[in-house]
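Colleague: This structure is in structure tokens; I'll ask about it shortly.
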Amino acid sequence: MMERGPIHVLVVDDSEFFAEMTADTLATEHGFETFARTSAQEGIEFLEDEQVDCIVSDYEMPERNGLKFLEAVRETLGEETPFVLLTGRGDEEVASEAIASGVDDYFLKLEVVEDEEYGRLAKRIRSVVSENRAQQKYELLVSTSPDGIAHVASDGTILTANPALAADVGSAREAVIGSTLPELFGDVGEERLATGRAVINDTEPERTEDVFEGKHFHNIFVPVDFDSDRDTFQLISRDITQRKERERELQRQNERLETFASVISHDLRNPLEVARGSAQLLAEECRDRDALDRMNRALARMDRLIDDVLTLARQGEAAHQPDAVELERVAEEAWANVKTGAARIEIGDGGTIEADPSRLQELLENLFSNAVCHGGDDVTVQVATNSNGFSVEDDGPGIPNERREEVFELGYSTADDGTGIGLSIVKQIASAHEWGVDIADGDDSGTRFVFSDVTFIE
């Protein structure tokens, strides 16, 4: 295929004077690279060694006229090179024969020479070359596409098909062309043909999914109107079997997570409640208050651990449903749900962002709990926005640089009663929103969690 660049034109005319003049004019005045030959045979011999973007040929030449020359070019070289015919006869018979032979255009030679209409000829050459280059690119794209692509008539006959579609039925491309969709795909082909006919009638594209020989396909049907002789449509069929398998695996994983969460909820909470009730009974008789406090703290930590594990397990199945959310309001609700003691929160004008409301609140609750856990009851937490997202900052002890990647790991905690799950949940929720999350130093030696790539809504 010719690369983009100067347009190469072969001029063939039995008049050496006219051939040279036409070639020189197209080269000097219109920027083409041109070659002149004085017979159809010389033209064919030239094309056996060289490639051109367009051929300009005289019609009336001895031994072989212009249309016979065109026929020989296509038979010998098998190329669809744009072909412009120059003729001294303006009768309808020549015009009809030229069109039937597939020339891209034809001009009266005397009009081109005497009226100096080389500009019109040059403009047409550029046009047909541009169209041909675009067609070559399209054909290359179709032939190398991993998607099955076919041009199909309304009766189901496949007019053209690429190798990928032929591979779907385990056949050669040449054997597929001329067959019908039902012949190749059976009942699936019948369904595809019915959809294609509906697309032709409605003049609107359609998408479907089907299964052929154990493989899942996503199909696009597009009406095609460039063939005026018959109604046709284009079929683009993509193998989505791997995607379907991943979806099934995710579904199985979610079912296992739900089972796991149910076991935790039922089989751990019940004995925990029994232990808590027993602790209350013991408190009435036990004089060792320190032992009771340790027991209650352990039971409370077990309760938090169950909550965090349930939350983490269900992150995989939670639907991410973004909506317009007021950051300030969600932050206030999250703060109200956390045991913060005497800790304080400062919330700026957060604006409205695109987020899943419940998961955003969960993210903030975990950050607030983390701040209070490590900063104590006198910690101050700030929620603020920036040009690319928002941040949650505290004035607690901070996180050393070398530990800032570790804190998001499951089970990592520096607090004696921490579960090591809260910040892992924060990371998962941010990833589900496709937000970035980084840790920086706070203004008052604390920690700032910075969330980026957040979409703001005006």
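Colleague: How high is the FRET efficiency between Ala100 and Arg329 when r is their beta carbon distance and R₀ equals 60 Å, given to the nearest 0.05?
Modeller: Once rounded, the FRET efficiency stands at 0.20.
Colleague: What FRET efficiency, computed as 1/(1 + (r/R0)^6) with R0 = 41 Å and r the Cβ-Cβ distance, is obtained for Arg289 and Arg344, rounded to the nearest 0.05?
Modeller: After rounding to 0.05, the efficiency reads 0.85.
Colleague: Please list 3J(HN,Hα) in residue order for the stretch 128-134, calculated via the Karplus relation 6.51 cos²θ - 1.76 cosθ + 1.60 where θ = phi - 60°; whole Hz, with x for glycine and proline.
Modeller: These are the phi-based 3J(HN,Hα) values: 6, 5, 4, 5, 5, 4, 5 Hz.
Colleague: What number, rounded to the nearest 500 deg cm²/dmol, is the helix-based mean residue ellipticity at 222 nm of the chain, given -39500 (n - 2.57) per DSSP H run of at least four residues and division by all its residues?
Modeller: -15000 deg cm²/dmol
Colleague: What does the extension gain come out to for Glu131 and Asp187, with contour length at 0.36 nm per residue minus their alpha carbon separation?
Modeller: Result: 16.3 nm gained on full extension.
Colleague: If one computes P(r) from the Cα atoms of the stretch 8-142, what percent of pairs lie at distances over 24 Å?
Modeller: Value for the stretch 8-142 (Cα pairs over 24 Å): 23 percent.
Colleague: Here's another thing I want to ask about it. Label Asp438 and Leu159 with points 7 Å out from Cα along Cα→Cβ: what is the distance between them in nm?
Modeller: Placing both labels 7 Å beyond Cα along the Cβ direction yields 5.5 nm.
Colleague: What is the pair-distance distribution P(r) of the chain, computed from all Cα-Cα distances in 10 Å bins starting at 0, with each bin given as a whole percent?
Modeller: Histogram of Cα-Cα distances, whole percents per bin: 4, 14, 15, 12, 12, 11, 11, 9, 7, 3, 1, 1, 0.
Colleague: Compute the signed sum of charges (Lys and Arg +1, Asp and Glu -1) over the other residues within less than 13 Å, Cβ to Cβ, of Gly351.
Modeller: -4
Colleague: May I ask for the angle, rounded to the nearest 10°, between helix 66-77 and the longest principal axis of the chain, with both axes built from Cα atoms and the value confined to 0 to 90°?
Modeller: 50
Colleague: List nothing, just return the count: lysine pairs in the chain, 8 or more apart or interchain, with Cα separation under 23 Å.
Modeller: 5
Colleague: Then there's this: How would Thr241, Thr447 line up from fewest to most surrounding beta-carbon atoms within 10 angstrom?
Modeller: Going from least to most buried by this count: Thr241, Thr447.
Colleague: Could you work out how much longer the chain between Asn201 and Leu282 gets when fully extended? Use 0.36 nm per residue separation minus the Cα distance between them, nm to one decimal.
Modeller: The Asn201-Leu282 span can extend by a further 21.1 nm.
Colleague: Please order Tyr106, Tyr138 by the number of other Cβ within 10 Å, starting at the fewest.
Modeller: The fewest-first ordering by Cβ neighbours comes to Tyr138, Tyr106.
Colleague: Let me ask another. Rounded to the nearest 5, what % of DSSP beta bridges with both residues in the chain are antiparallel?
Modeller: That works out to approximately 70 percent antiparallel.
Colleague: While we're on this one: Could you tell me the calculated FRET efficiency between Met21 and Glu50, based on Cβ-Cβ distance and R0 = 30 angstrom, to the nearest 0.05?
Modeller: My answer for the efficiency is 0.90.
Colleague: Hey, another quick one. Roughly what would the spin-label model give for Val274 and Glu245, points 7 Å off Cα along C-beta, in nm?
Modeller: Here the modelled spin labels are 4.6 nm apart.
Colleague: Let me ask something else about it. Could you give me the ³J(HN,Hα) list for the stretch 442-451, computed from phi with Karplus coefficients 6.51, -1.76, 1.60 and θ = phi - 60°, whole Hz, x at Gly and Pro?
Modeller: Each residue's phi maps through the Karplus curve to give x, 5, 10, 6, x, 10, 10, 8, 10, 10 Hz.
Read-outs: derived from the displayed coordinates by stated rules, not from any lab. It should be emphasised that the depicted structure is a prediction, and the values quoted were computed from it without experimental measurement. Ideal geometry is used to build each Cβ from the backbone, glycine not excepted, and the neighbour counts take in all protein chains shown.
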